[in-house]
Amino acid sequence: MYRIVSAIFLAENIKKFVIEAPRVAKKRMAGQFVMLRIEENGERFPLTIADSDPENGTITLIVQGAGKSTRALNGMEAGEMISDLVGPLGTPSHIEYFGTAVSIGGGVGTAIAYPTAAALKAAGNYVITINGARTKELVILEDEMKAVSDEAYITTDDGSYGISGFVTQKLQELIDTGRKIDFVLAIGPIPMMKAVAEVTRPYGIKTVVSLNPIMIDGTGMCGGCRVTVGNEIKFACVDGPEFDAHLVDFKNLADRNRIYLKEEKESAESGVHHCRLTEQM
Amino acid sequence: MDAKTITTKERLAIPRQVMPAQEPEVRVGNFDEVHLGLTPELAQMEALRCIQCKDPVCIQGCPVNIKIDQFIKLIAEGDFLGAARKVKEDNVLPAICGRVCPQEDQCEKLCVIGKKREPVAIGNLERFVGDYERLTGQRIDPVVAPPTGKKVAVIGSGPAGLSCANDLAQFGHKVVVFEALHEFGGVLMYGIPEFRLPKAIVRDELDGLCRMGIEFRTNVVVGRTITIDELLDEEGFDAAFIGVGAGLPWFMGIPGENLVGVLAANEFLTRVNLMKAYNFPNSDTPVFDCKNKSVAVFGGGNTAMDAVRTAKRLGAEHAYIVYRRSEAEMPAREEEIHHAQKEGIEFQLLTIPLEFIGDDQERLTGVRCQKMELGEPDDSGRRKPVPVEGSEFVLPIDMAVISIGNGSNPLIKQTTPDIEVSRKDTIIVDINTMETSKEHVYAGGDIVTGGATVILAMGAGRTAAAAIHEKLSNTAKRFEES
Ligand SMILES: Cc1cc2nc3c(=O)[nH]c(=O)nc-3n(C[C@H](O)[C@H](O)[C@H](O)COP(=O)(O)OP(=O)(O)OC[C@H]3O[C@@H](n4cnc5c(N)ncnc54)[C@H](O)[C@@H]3O)c2cc1C
Ligand SMILES: Cc1cc2nc3c(=O)[nH]c(=O)nc-3n(C[C@H](O)[C@H](O)[C@H](O)COP(=O)(O)OP(=O)(O)OC[C@H]3O[C@@H](n4cnc5c(N)ncnc54)[C@H](O)[C@@H]3O)c2cc1C
Ligand code: SF4
Ligand code: SF4
Ligand code: FES
């Protein structure tokens, strides 16, 4: 059992958890994730380790309520226990000195990009962050991002905060103004990552994305997380989750992620667990 | 008939006793075990069929050399618990091996009775004694030697790890088992379905191991959560045994394999067994909705049979096995092939898939196949299938399950570079001791052999335990002398 030390909402539907997991805290590196199972009948699902505190033996997770499991997790409070948590999984981000590195986050992708952005900064890169949200209320980690950026931009789709428009527009603008960009990291919804890949492709800028296929075991045993990268089959949980954006087959990823749409809806509506959660409270 | 007075002629006249089973029409509607087990009367009758050979050749067919003649004799005499203990001298998991061993290729294949008649049902008898001990609550836990003060890490809780842990604990060593998943048992838990191996049996075995003082830890991926070097250097383990299994499913590399609806057998079975997807939405993990659909499983091994029979139980209207050779070449246990046939599984033999076909949403709709015929025997003596010109056809299917085997998980290799591996990424060991190229580190089971069997994995675990014990005893002595 893994104890929740603190749980606070950062934005509507996005919650930050600090969880006791000493071994994971000691080992994790930027870009790695954990698999969780909240309770006995729960599913296993992946979350990126946003931060860790090896001294206190805790890790930080930032969770967006997407369906049944993430919403159930977001309903949990400090002091409650999570059945299973395993990690750190996945290949750590490849960090080196590139020169100027742009980290792009979309939605909760901002949280997933944060640790890698911080590591890029620590490696001496000039870090530009561009974080997008649909609207002002959904902007997260603004201060944290600023702290690891040489330049930090926020975009909102509806223009209610920061720059009006998509993250890709800001990226294009930077390129157009002649800024030399050596590396781009993009994490967020699939269409966003695909769009970033298309922006950088003509300029040959090395671009990395963190893929989010459906995972079950997270240890390379089931093959469920396979993605097509450069026409090869890769297992995102062991070979990734970060891959060269210009080689990823995004359409295939998007199609495969829809496979259980009907069941996910049914599961979210069945409410079986919400009852159990209320009992515990 | 009395075990003491029965003549050989009388023994030979007894037909092989049939184990009661659920009727095929009934069992395709549930996940309960197919076989119901021998009654004590049936078991005793079957045991009388063994002529108690002076040279029991059957034993040579058993990878762990169970004293088959002796335990069968005890059954014939009605001493079922004695028989259970006799088996356990060589195999700590009789209820499991009796169920899943490919007996027809091992012990029963060599049984002399089998030359003219059906061989003695050694596997069924082994299962019977394991069940008898458990179901009558008369299980006696093995005696554990006084603590040696030595500590061994067992990595992976499949049959290799569990049998190694058992023996090490009996020798008096402190054992900690580290498992990556949230449940113990490896393939016994997440691969082999309930209808073939009830999970309660595996859990019962695990309880027994806990009572021996073995410590079990879930959610530890060795290599990621902690490395082998850290276990040895920082956490005070004197030795480590690696039993991490195969994992890493192979795909066929044909077009369309990434369509929605094409999955590896491991994924399908993990969803259903480990994550209890058959109980969706009471459990959160979904599985492809097979009801009234057509499902094809590609492969001919135990995993393929398990997957196809699972699909049938989940309501598939058509559940196909697509296999490139003929039935005789299928690596699956004979019994499982027969069960599958009775359950209405449709066999497309001598058939290879060429391409998966999907709709505009990338959902699988069918598979283009080609018929094969058997040509000349190849190096392995098996007749090699060759394609038949103009025999292509499309099989309409909604789900495809790939079950053509597993490679080795590269995690240990990546994180412990001083352990030597083969070109196929299996760990190289000294087969007499199971020691790897890294001192104090041993390995066994599928990670060494590639996908094999439960009993071979267990045998490897035991060999390693004996070698580890010897090594640790010697080091202890060295310390005393100095
Ligand atoms: C490596 C990785 C890191 C991630 N990190 C974070 C993070 O830090 N914060 C965060 O909020 N989200 C993260 N996600 C996404 C998160 O795992 C999914 O939102 C979550 O699993 C959805 O489950 P659900 O039951 O709440 O929703 P569902 O209703 O089941 O699904 C909603 C959508 O989530 C995806 N999904 C469903 N089940 C899984 C699964 N088992 N594995 C992966 N994706 C699934 C599917 O695309 C689905 O359409 C990450 C995903 C991956 C692969
Ligand atoms: C569906 C199916 C049906 C089968 N049917 C039969 C049958 O009828 N008869 C038969 O004899 N054989 C059968 N087999 C084969 C048999 O199950 C295997 O040969 C046997 O289980 C191998 O045992 P093992 O202990 O080496 O590994 P496994 O049983 O694979 O166990 C390995 C364990 O290690 C864990 N692990 C992996 N990596 C790590 C890590 N880094 N850290 C910690 N833990 C880790 C895994 O999660 C797993 O629990 C079948 C296999 C499958 C998949
Ligand atoms: S363990 Fe397997 S091979 Fe050995 S006697 Fe039992 S069934 Fe036969
Ligand atoms: S070979 Fe057959 S008959 Fe002979 S001892 Fe073994 S089981 Fe009995
Ligand atoms: S999640 Fe099973 S192989 Fe990656």
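The values are calculated or read from the model by the stated rules, or taken from the named source; none is laboratory data. Everything numeric here is computed off the predicted structure, so don't read it as measured data. Cβ sites come from the backbone with ideal geometry, for glycine too, and all protein chains shown count toward neighbours.
Condition check ((1) closer than 30 Å to A:Asp249 by Cα; (2) basic (Lys, Arg)) across all residues:
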position	(1), (2)
B:Ile242	no, no
B:Ala265	yes, no
B:Ala277	yes, no
B:Pro286	yes, no
B:Lys291	no, yes
B:Gly301	no, no
B:Arg313	no, yes
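Scan the stretch B:158-166 and give yes if some residue there is in contact (Cβ under 8 Å) with a residue 24 or more places away in the chain, farther than 11 Å from B:Gly213 by Cβ, outside any helix (DSSP H, G or I) and under 18 Å from the mean Cα position of the chain (by Cα), otherwise no. Within the stretch B:158-166, one or more residues are in contact (Cβ under 8 Å) with a residue 24 or more places away in the chain, farther than 11 Å from B:Gly213 by Cβ, outside any helix (DSSP H, G or I) and under 18 Å from the mean Cα position of the chain (by Cα). Considering each residue of the stretch A:219-237 in turn, none proves to be closer than 22 Å to A:Gln169 by Cα and more than 10 Å from chain B (Cβ to nearest Cβ). The test for being outside any strand (DSSP E or B) and either under 24 Å from A:Arg258 (Cα atoms) or in contact with a helix residue (DSSP H, G or I) (Cβ under 6 Å, 6 or more places away or on another chain) (or both) holds for A:Ala72.
Candidates are the residues of the stretch B:47-68 that are under 16 Å from B:Asp90 (Cα atoms) and among the aliphatic types (A, V, I, L, M); the one that is farthest from ligand 4 (Cβ to nearest atom) is B:Val64.
Taken residue by residue, the stretch A:257-275 has no member that is part of a loop (DSSP other than H, G, I, E, B) and either more than 10 Å from chain B (Cβ to nearest Cβ) or at pLDDT 95 or above (or both). Which members of the stretch B:130-167 meet the condition of being closer than 18 Å to B:Lys86 by Cβ and among the small types (Gly, Ala, Ser)? Listed by number, the residues that qualify are B:Gly130, B:Ser163.
The rows are residues; the columns are (1) surrounded by 24 or more Cβ atoms within 10 Å (Cβ to Cβ); (2) out of contact with any Ser or Thr (no Cβ under 6 Å at 6 or more places or on another chain).
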| position | (1), (2) |
| --- | --- |
| A:Ser103 | yes, no |
| A:Tyr114 | yes, yes |
| A:Ala133 | yes, no |
| A:Lys136 | no, no |
| A:Asp143 | no, yes |
| A:Ile154 | no, yes |
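Residue by residue, here is whether (1) more than 18 Å from B:Cys164 (Cβ to Cβ); (2) touching a helix residue (DSSP H, G or I) at 6+ places or on another chain (Cβ under 6 Å) holds:
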position: B:Gln370; (1), (2): yes, no
position: B:Pro387; (1), (2): yes, no
position: B:Gly405; (1), (2): yes, no
position: B:Pro410; (1), (2): yes, no
position: B:Gly444; (1), (2): no, yes
position: B:Ala465; (1), (2): no, yes
position: B:His469; (1), (2): no, no
position: B:Asn474; (1), (2): yes, no
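Pull up the stretch B:445-458, narrow it to residues that are surrounded by fewer than 24 Cβ atoms within 10 Å (Cβ to Cβ) and part of a helix (DSSP H, G or I), then point me to the one that is farthest from ligand 3 (Cβ to nearest atom). Applying the filter and picking the extreme gives B:Thr449. In the stretch A:172-241, counting only strands (runs of 3 or more DSSP E) that sit wholly within it, the ones holding 1 or more residues that are in contact with a Ser or Thr (Cβ under 6 Å, 6 or more places away or on another chain) span A:183-187, A:206-210.
Taking the stretch B:207-319 and the helices (runs of 4 or more DSSP H) fully enclosed by it, the elements with 1 or more residues that are within 30 Å of A:Ser83 (Cβ to Cβ), within 8 Å of another protein chain (Cβ to nearest Cβ) and in contact with a Gly (Cβ under 6 Å, 6 or more places away or on another chain) are at B:265-269. Residue count for the stretch B:120-135 satisfying the condition of being of a type outside the set (A, V, I, L, M) and free of Cβ contacts under 8 Å to residues at least 40 places away in the same chain: 1. When the stretch A:1-60 is filtered for residues that are assigned to a strand (DSSP E or B) and of a type in the set (Lys, Arg), the ones remaining, listed by number, are A:Arg3, A:Lys15, A:Lys16, A:Arg37.
Of the candidates A:Thr100, A:Thr58, the single residue that is over 27 Å from A:Ile205 (Cα atoms), modelled with pLDDT of 90 or more and more than 10 Å from every other protein chain (Cβ to nearest Cβ) is A:Thr58. Just one of B:Glu327, B:Glu355, B:Glu336, B:Glu373 is away from ligand 4 (no atom under 16 Å from the Cβ), within 27 Å of A:Leu253 (Cβ to Cβ) and more than 14 Å from chain A (Cβ to nearest Cβ); which is it? Exactly one residue qualifies, and that residue is B:Glu355. One residue stands out in the stretch A:120-131 among those that are surrounded by fewer than 22 Cβ atoms within 10 Å (Cβ to Cβ) and part of a helix (DSSP H, G or I): the one that is farthest from the chain's Cα centre (by Cα), namely A:Ala122.
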